[in-house]
Amino acid sequence: MTIAAPRPHGRIAAGWALLLLFLANALNWGDRMLFGVVAEPIKHDLALSDTQLSLASGLFFVLVNLVGGLFIARLVDRGHRIRILAAGIALWSAATALTGYATGYGTLALARIAVGIGEASAFPAALSLIPDLFRADARGRALALFQSSNFVGIVAGTVFAGILAAALGWRGMFQACGLAGVALALVLVLTVREPARQAETVGEPVAYWPDLVSGTRRVLAIPGFVALALGLGVAMMVGSVLGAWAPAFLQRSHGVPLAEVGVVIGPSVGLGGIVGTILSGFLADRLLRSSASPGRVLRIPLVCVPLALPFMAGFVFAPSLGPAMICAGVMNLLLSAAVPPTMSWVVNIAPPPDRALAATIVLTALGLVGGALGPFVVGITSDALAASLGAESLRYGLATMLVSIPLATALFVQATRRNPAGS
C-alpha cells in the first residue's frame, strides 16, 4: 500500500533547495569541461594520442559514472538524498584536484574515473528531489531551471579553465577548481532538509538487489521508454563531442589561443543551451496544463532535434570562426530543448519509487551513447586521418557526428508511436 506524503517544504525552502541543486550541477558540468579545455597541453605534456584523450575524458569517465549511477540511483530512491549528494560533491571535487597531479596516462585515467564516480550522484539525486519539492504542473519549469545549470557550468568551466590554465598551467587549474565543491557540499548538508517523498511504501522493505532488478524491469517496460532514452542519447552525442573536442578544434582549425578558447566557445554554446532548456521547460508545462497526457511533451524534441542538422554542419565546415560559433549556439539551443521535455515525461510517467532509477537509466543511455561513443568515434577518426590531413583531421572526425541527428529523430518518432499518449 502507498500513502501520499505531506509536502513540508514551502516556496522559499523549495527555491533554496533548487538553487543549491542548480549550483551542484553547474559545478558538475564545469568540472567536466575542464579536461576538454586543456586537452592540448595535457596531450603534449603526457605524450598522449587523441584516442587516449577520448578514452580518459569519454569512455572511462562515462562508464564508471553511469554504472555507478545505476547503483547510486537505487540508494537515492531508498535513502537520504541530501547526504548522498553532498558526499558525491566532496568526492568529485577532491578527484578533480588530484587530476592536476597526474604523471602519466594511468594516473590521469584513474583521476577521471574517481571524478565520474562522485558525479554519478548529482543527476539521480536532483531528479528524485525535484518532484517532491514542486507540484506536477511546475516540474517542467523546475527541471528546466535545473537543466540550464549544465550550460552555466559549461560557460563558467570553459571561461575560467582557459584563464586559470593560462595563468597557473593545466595542473594548477585542476587543483584550484577542485577546492570549490567542498564548501558547497557543507552548505547543502547544513541548510537543506530532506523533503518527504511523494509516496511511501508501507510494508516489508525489499532487499536492495531484488529491488534494483525489479525496478529496472518496471522502468524498461514503460511503452516508448527504451526508444526515447536511446534517442536522447544519440542526439546528445553532438553535445558531448562539443565539450570534449570543440576547444581543441578551435585551437587547431581556427587558431584560437588557449587563454581565449573558453571565452569564445563558452558564451555561444552556453547561451544557446540555457535559452533552449528554459524555453522548452516552460513549453512542456504549458502542454501539460492543456492536457492530462504526459506524452504530449515529446512533440518538442520531435521538432527541435532534426532542425539542428544544418547548424551542426555549419559549425564543422564554416570557413571562419564567427559563423562557426553562431551555428554552434543555434545547434545547442535546438538540441538542449529536447532534454527538459524528455525528463519531464520520465519523472511524470515513472512510479515515484522508481524516479531516480528511471532518470538514471536515461542518463546511462545518454552517457554511453553520447558521452562515451561520440567523443571516442571523433578521436579515433581524427587519429586515422592525421597522417593525410594534419590538424584538419579533427574537423572530419567531428563530421562523423552528422549522422547522429537523423538517427535520433527516427528514435524519437518510434518512441511517440510506442507511447500513444504522445500523439
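Every number in this text was worked out from the coordinates using simple rules, so none of it is lab data. None of the values given here were measured: they were computed from a predicted structure. Here the Cβ positions follow ideal geometry from the backbone for every residue, glycine too, while neighbour counts run over all protein chains shown.
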Note, Val155: beta-carbon cut-off 15 Å, +1 each Lys/Arg, -1 each Asp/Glu, net -1
When Rg is the radius of gyration of the Cα atoms in the stretch 238-316 and Rh is its Kirkwood radius, what does Rg/Rh come to? 1.12
For Ala384 paired with Ala259, estimate the spin-label separation in nm (one decimal), with each label point 7 Å from Cα along the Cα-to-Cβ line. 3.9
Most packed first (mean Cβ within 10 Å per residue), the peptides 18-28, 165-175 order as 18-28, 165-175
Against the longest alpha carbon principal axis of the chain, how many degrees, from 0 to 90 and to the nearest 10, is the axis of helix 225-235 turned? 20
If you place +1 on the Cβ of every Lys and Arg and -1 on the Cβ of every Asp and Glu, how big does the dipole about the Cα centre of the chain come out, in debye to the nearest 20? 1020
Value of D in µm² per second that Stokes-Einstein yields for the stretch 95-172, Kirkwood Rh from Cα pairs, at 4 °C (1.567 mPa s): 87
Among 262-271, 133-142, what's the highest-first ranking by average C-beta atoms within 10 angstrom per residue? 262-271, 133-142
Averaging sequence separations of C-alpha pairs under 8 Å and six or more residues apart, then dividing by the length of the stretch 351-423, give the relative contact order as a whole percent. 20
For Leu271 and Val187 in one chain, what is 0.36 nm times their gap in residues minus the Cα-Cα distance, to one decimal in nm? 27.5 nm
Which of Gln251, Gly153, Leu186 sits farthest toward the positive end of the charge dipole of the stretch 120-269, with +1 on the Cβ of Lys and Arg and -1 on the Cβ of Asp and Glu? Gln251
Within the under-12-Å Cβ sphere about Ser393, not counting Ser393, Lys/Arg +1 and Asp/Glu -1 give a net charge of -1
Could you tell me the distance between the Cα centroids of the stretch 165-181 and the stretch 78-122, to the nearest Å? 15
Sorted largest first, extent of the chain alpha carbons per principal axis (Å): 65, 44, 38
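Neighbour counts of other C-beta atoms within 10 Å: give me Trp29, Trp92 arranged from fewest to most.
Listing Trp29, Trp92 from fewest to most nearby Cβ atoms yields Trp29, Trp92.
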Once you put a point 7 Å from the Cα of Asp137 and another 7 Å from the Cα of Ala313, both along the Cβ direction, what distance in nm separates them? 4.3
Gap separating the Cα centres of the stretch 276-291 and the stretch 340-397, nearest whole Å: 24
Highest-first arrangement of 364-372, 93-101, where packing means the average Cβ count within 10 Å: 364-372, 93-101
With the crude spin-label approximation of a point 7 Å out along Cα→Cβ, what separation in nm comes out for Asp45 versus Leu110? 1.8
Go ahead and estimate [θ] at 222 nm for the chain from helices alone: -39,500 (n - 2.57) per DSSP H run with n ≥ 4, summed, over the residue count, rounded to 500. -25000 deg cm²/dmol
Could you tell me which of rounded, prolate or oblate describes the stretch 270-314, using a ≥ b ≥ c as the square roots of the eigenvalues of the alpha-carbon gyration tensor, with rounded for a/c under 1.5 and, failing that, prolate when a/b is larger than b/c and oblate otherwise? oblate
Does the stretch 330-415 come out rounded, prolate or oblate by the C-alpha gyration tensor, with a ≥ b ≥ c the root eigenvalues, rounded set by a/c under 1.5 and, if not, prolate when a/b is larger than b/c and oblate if not? prolate
Ranked by Cβ crowding within 10 angstrom, fewest neighbours first, how are Met236, Met33 ordered? Met236, Met33
Yeah, the stretch 105-261 with a ≥ b ≥ c from its alpha-carbon gyration tensor (a/c under 1.5 is rounded, else prolate when a/b outruns b/c, oblate otherwise) is prolate
To the nearest 10 degrees, how steep is helix 180-191 against the longest Cα principal axis of the chain, on a 0 to 90 scale? 10
